[in-house]
Structure formats: structure tokens, C-alpha cells
Amino acid sequence: MLTTTPRLYTRRPSPTTAEFTVTTLPPPTIPLRILRVLLLALRVALVLLTALALHARWLSSPYAQPSLPSTCPTGDGWFSMEAVWYALDTLHKSSLGQLVGGLVENVPLVVLLPAAAALCYLLALRVHTTESLLVMRGLGVQTSSSPATYLASATSRFIPTEKIRDIFVNEAFRGFEVRYYLIVVVEGEENVVVVFPRLLPRRSIVETVWRGARACLYESRGGDTTEEKG
Amino acid sequence: MARRRTYTVAMVSDYFFPQPGGVESHIYQLSSKLIDRGHKVIIITHAYDDRKGVRYLTNGVKVYHVPFFVIYRNTTFPTVFSFFPVFRNICIRERIEIVHGHGSLSSLCHEAILHARTMGLRTVFTDHSLFGFADAASILTNKLLKFILSDVDHSICVSHTCKENTVLRASLDPLMVSVIPNAIVAESFRPRNYRSSSRAGANGFQTDPPPARPLAPHEMITIVVISRLFYNKGTDLLTAAIPRILEEHPNTRFLIAGSGPNAIDLEQMIETNVLQDRVQMLGSIRHEEVRDVMTRGHIYLHPSLTEAFGTVIVEAASCGLYVVCTQVGGIPEVLPSHMTTFAKPEEDDVVAATGKAITAMRAGQVRTEKFHDQVKKMYSWSNVALRTERVYDGITGTISEEDFYGCDTGGYNGSRIRDFTLIDRLKRYYGCGIWAGKLFCLCVAIDYLFFLFLEWWFPRENIDTCPDWPRKPSADERTSSVDADAKRP
């Protein structure tokens, strides 16, 4: 429901520029937006809960300072450190806090810490993958790929026109399949650059992008070479 | 004329280029001739060193080098089911109708045939080699062959001897085995000083090539041997026979090309008998050089102990050499008697036969200059492709069963069309043996379940199909077909 098979969006701001975006994000609808907001809220809540559990475990350890403010701060104090400690204390004393504290009390740290880290990583993973190819005649092409998690930033790579030797569609074994993929051969580099490396969209999309990219990059010469090279 | 039906065929074998050999070139030549006849052919083999993935050869032959683990002499490890997902993917994306396996030692080929039957594709198997029945390895191979061939639609053997051998090994119905010989590219094996006879016949008459220059009484006769120096190629026989032949016939010398574990025996023989000036060993040569080596000689000696077909003696005859060979396997079927002298596979007889051949050459009784044109008429890959196509027609039902198998069905009146119903397939496998039958049934059942799982896990509609290679690569037609391809959505 949250993702679709990779879909292609083409944007042509000017005749000499084209951006091909392949994404698993479905077209935005109201239920989808609500669902995404709910999902985000759930993620935040789960991360906070993990932090609470870790703190509860810390409190039960002999190194923790026993003194915690037990008075409710007033006025400006709402935004001070004491207020945070007070809120935490209240949470720990609530039934939810008791439950979490009871759960993690007897879990050894060797298990708890990696588990918490893994959970946080899972919660930070993005649902959708978006990869794009920006083609600008006379300048070059730029491939970019959305990061796997919310914490990392997008990776992109620019290849200037004079370094591009060719763009073509190739096929190769991947896992138990043979897939089509678009590659850019860069001068002076041993490895080719795969466009849309994570999504590896289907042949129809790859071919459309290939035709569009060639037409945009080389103007009239687009598509006059053979389709694939072995 | 009605348009012939064309097929998409997958040739599957462990043996393919870059590795040299007879099976390899057979697959390549057959594929390219089938493509000339309008079929679509792809080749599936395993990866060789850096040769992985999908490659194109000339004429649009597409080769899938499936990355796999190689165990022995370029044969892959028999991983019965692990090949299935990739194989299914390739078959669906290329829209394969017929799977054609080559080589009875190739496990890739056996697996492909098993999976193809499970997927409901027609299968053909070509056997290129002869096997014994006695030793443990042969028994195992034969059992495996029986397993695979009990459900194959049709088999092809390269010679009648090979057919007999295969029929016995796999307990097949002889009518379901066809004989289609190998062929050679006659243009690559022209004799020295060969002038095309069609050019000479300007007035419409074919003129015989000019008679070869008769040998001077003491002219050196060169005997050529080209073979991998393995035991089964008769290297021991050669080692024993050479000193005796050279002793009896003063103006002769040997030219030996090829390498292998038994090369050391030959070298020792040369040392012991001090024959360095009369026996020249060239080491291993490339296939393109074979013709140049052959045309240096007058007689070709082929001492093999077992041979299903023996393409090399056809090549030798095509180069205008008189052939002396052992009478084993399919060799006696290969060449007409005026081109060969046969010997029993034993030392005395090989020496005697070679002596006879040398005498005949000296007497000028052998018209070797005519051999090339005769061989050219007998063996051509186009003919092989034509006959293979007929087999494809027969198994897919394009020509009726009576047409294909003939009326004399040897008392068996049931249908020879292998249907794909699981229960019928299991019945065929069950007959393979008391224990083996049950084991094979288990294998087939698991394969079928695996197939259902794959259909669910990698749905058919998620697999992209490949565009066909544009055919008839003449200059203007090629561009137009690519244009048409480009317009397709």
C-alpha cells in the first residue's frame, strides 16, 4: 500500500534539460498522506520509547545518581533541565514506565544495546526509494539516489559530457535473475556507472530513459546506434 | 510457399567457447546456421574466468554465461535445483520453446532438460560421445543419462554407432533417436594450391582439379597426427607404432600436434629411438592452425581408441590427406572407403595399415586432390541445421507423428509425443529402476514443487522479455529494423 513498483516521472524544464526520476512512492492521495504522517508519528514514538527503556535500564544500574528532582517546576522552569528530568521521572513512575522498566531490568546489556541500536536503525529506514538521472546538454549527467535512512543525505554524482563515452542498456545476472540496466561508460574509469542501481527498474522504463537521455544529450543523434551491446 | 515455422531455441551445455573443442564448435556452427534459417537461438553455458554475464557473438548468437562453480574439466558442480531460478528467468525472458542440451557429461545440460520439462518446454538432447558400460563412472553416468532421457522429447546422436550406444545406455526407443552427423566448414579446410573448380568451369562443365603432382620415388612422405594426447585418443598405440613405421619406411616423417598427459611418453620414445629428425612435435595448436599443419602432410593417422564421430578425419580428408584410422566407434561411417585405410586398434595392424597407405600414396593410386570437393558435398552445417530443424518440427507437432517417425513403428503403437502431465512424467521416470526410479520420481516431484514456488515468488509477468535480434544484417535492412525497434513503445 505504501509503495508501488518503480514508476518513472520525466521533467523537462527546458529542451536541453531532462530529469528522469524513478521512485517507489505512489501518487499522493489523502489517505496516503495521512498514513505517512501516522507512520512518522509511530516511528518517533517508538524511538522515544527505546530511549526511555535505555534510561530505565541506566537508572537501575549502580552507577546512576539517585537524586532526581521530584518537584514540579513552575513558570520559566518548564523549559529548564529540571523540567526534563521531572518529566522523565514522572514517566518512569507511570504504568507504562513501570512496564518498560520491568521488561528491560533483567535483560543483559550485551543484548539490550545492540537490540536498541538495530531498532533505531530500522525505524530510521526510509520506506521509499527515489533515484534520478538529470541530463543537461553541454554539461553532463547527474545521477542521484535517495539515502537508505533518514539520517544520511542523498548521494549524487555528476559526470561531465566530455567524460561520457557512451550510455547504453545492458543486461546482466543479478541474484537469480537477468536484469536490464542503464549504464554510463566514463572515460578513464574501469567500472561503469549504473543508473538507478538500487531500484533497477524494468526494461520499458530503462529504454524510455535511455532514449530520452540520448536525445537530450546528443540532440539529433539520439537512438541511432544499436540498442544493446554485448 | 507457406512460411516455415520458426522456433526460439536455447542450446544448453557446459562446453562452449572460449574453451576449444568439438562440442563447442558444433553448438556454435549449428546455432549460427539455425539463425540463418530464421530461428532464434541463445546459448546457455557457465562462466569462464572473466567471461560472465550476457554476450553476443557474430550473427546475433546470444550467450548467457551463468556464474557457477566449476569442478572438473570445465564441468559444473551438479547443483540440481540451484540452476532452476536463473534458467526459468532466461527461458521466460527469451520466450524459449525448445531446449536443446549437448554433451552427456554436462550436468548443466541435464539439469536444464529436467527443468525445461517441468516448465512445459520441448527438449532435445544431442549426444557427442561414446561410453562404456563396465566401470563405476560409466554406470553412474548411464544411470543419470537414463534419468534425463526417459522424459526427453527426442535425442540426436552424431553417428549410428553413437546412437546404438546411447539407445543401450539409456534404454531408449530407437525411433526417438535421430542421427545427425557433425560437419565441417569446408572453406576453412582447403588443400594447398586449391583452386575452386566452379571458377574453372566457365563453359558450364565442371572440370576435375588438376591431378596432384606424383610423388618422386624417394620424396619424403609426411604423416600428420593431430589429437589431444590422452589415453582414449590412442597415444599409447601411436607411441608403439611410430618407431616401427619409421623403420620400415625410410623416407617418411611424423608431424604431431596437440598436447596432453601422454606427450611425455612420445618424447621418451623419440629420445630412446633417436628420432628427433623424423618426428616433430608441435605442441598444442589453435583450431585455426589445424589446416596449415594438415596441408604440410600427405597422410593423416588417427589412432583413437574410442570416437563418436571424429570430425578431425573429415577435416583431414577435406585438406586432401589420405586417412589411416582405427576402426572404432563411429569412424567407419564417416568417410567413404577410397579416402581411408582402416586398422584394428592394435599396434601391428596400425603399422600394417600405415604401410599400405604409404605404398598406395607412392604408387599414386589415391586421388587426394578430389577429396576436398567430395567432402564438401557430404558435410555442411546447413544440412545439419536443416535436419535439426526437422527434429524440432517433429517434436512440436508441426509435422505429424506419422511423418516424423514413419509408419514402421516396430510394433509399438502408442504415441511418442511426450505430454507434460506430471503423472505421466512420473510414470516414465518410475521405470528407470527399482531404487533409481523412486529416487528420480522424488527429484521430479520436488522440481515441480519448486517450480510452483518460483511461479509464486518470481511471477512470470514481472520478468521482462527480450527484444529479438534484428535479423538479416544487410546494411539498409539493419537500420530500418532498428528504427522500427525504436518506435516500439
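Just so it is clear, none of the values below were taken in a lab; they were calculated from the coordinates. Here the structure is a predicted model, which is why all the values come from computation and not from measurement. We place every Cβ from the backbone using ideal geometry, glycine too, and count neighbours over all the protein chains shown.
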>> Could you give each residue of the range B:91-106 its phi-based ³J(HN,Hα) in whole Hz, using Karplus coefficients 6.51, -1.76, 1.60 with θ = phi - 60°, and x for Gly or Pro?
In response: 4, 6, 6, 9, 6, 6, 10, 10, 9, 10, x, 10, x, 6, 9, 8
>> If you take every residue apart from B:Leu172 with its C-beta less than 10 Å away from the C-beta of B:Leu172, what net charge results, scoring Lys and Arg +1 and Asp and Glu -1?
In response: +2
> Once you sort the root eigenvalues of the Cα gyration tensor of the protein assembly as shown as a ≥ b ≥ c, which label holds: rounded (a/c under 1.5), prolate (a/b larger than b/c) or oblate (the other case)?
Replying inline: prolate
> Which whole number gives the average, over all residues in B:458-469, of C-beta atoms from other chains lying within 10 Å of the residue C-beta?
Replying inline: 3
>> I'd like the Karplus ³J(HN,Hα) series for the range B:431-436: coefficients 6.51, -1.76, 1.60, θ = phi - 60°, whole numbers in Hz, and an x wherever there's a Gly or Pro.
In response: x, 6, x, 4, 8, 4
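May I ask for the net charge around B:Thr295, where only other residues with Cβ less than 9 Å from the Cβ of B:Thr295 are counted and Lys, Arg are +1 while Asp, Glu are -1?
Neighbourhood net charge equals +3.
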> For chain A, which span is the longest to avoid every loop-located (per DSSP) member of GluC sites (Glu not before Pro) having at most 13 other Cβ atoms inside 10 Å?
Replying inline: A:1-186
> So what J values fall out for the range A:44-61 if you push phi through Karplus, 6.51 cos²θ - 1.76 cosθ + 1.60 with θ = phi - 60°, rounded to Hz, Gly and Pro as x?
Replying inline: 4, 4, 5, 4, 4, 5, 4, 4, 4, 4, 5, 5, 4, 5, 5, 5, 7, 7
>> Skipping prolines and chain starts, which residues have an amide H placed within reach, meaning under 5 Å, of the one on B:Ser150, given they are 5 or more residues away or on another chain?
In response: none
>> Shape verdict for the range B:278-322, please, from the Cα gyration tensor: rounded (a/c under 1.5), prolate (a/b greater than b/c) or oblate.
In response: rounded
>> Taking amide H atoms as placed 1.01 Å from N in the peptide plane, list the residues 5 or more away in sequence, or in a different chain, whose amide H sits under 5 Å from that of B:Arg122.
In response: B:Val99
> Where in the range A:112-208 are there chymotrypsin sites (Phe, Trp or Tyr not before Pro) that are in a DSSP coil and have at most 16 other Cβ atoms within 10 angstrom of their Cβ?
Replying inline: A:Tyr150, A:Phe176
> Residues with amide H under 5 Å of B:Tyr56's amide H, sequence separation 5 or more or different chain, H placed in the peptide plane at 1.01 Å from N; which?
Replying inline: A:Gly230, B:Val63
> So how far, in whole Å, is the C-alpha centre of the range A:89-152 from the one of the range B:312-370?
Replying inline: 79 Å
> Rounded to the nearest 5, what % of the DSSP beta bridges within chain B are antiparallel ones?
Replying inline: 15 percent
> Which whole number gives the average count of other chain Cβ atoms within 10 Å of the Cβ atoms across peptide A:175-186?
Replying inline: 4
> Excluding B:His102 itself, what net charge comes from residues whose Cβ is under 12 Å from its Cβ, given Lys and Arg +1 and Asp and Glu -1?
Replying inline: -3
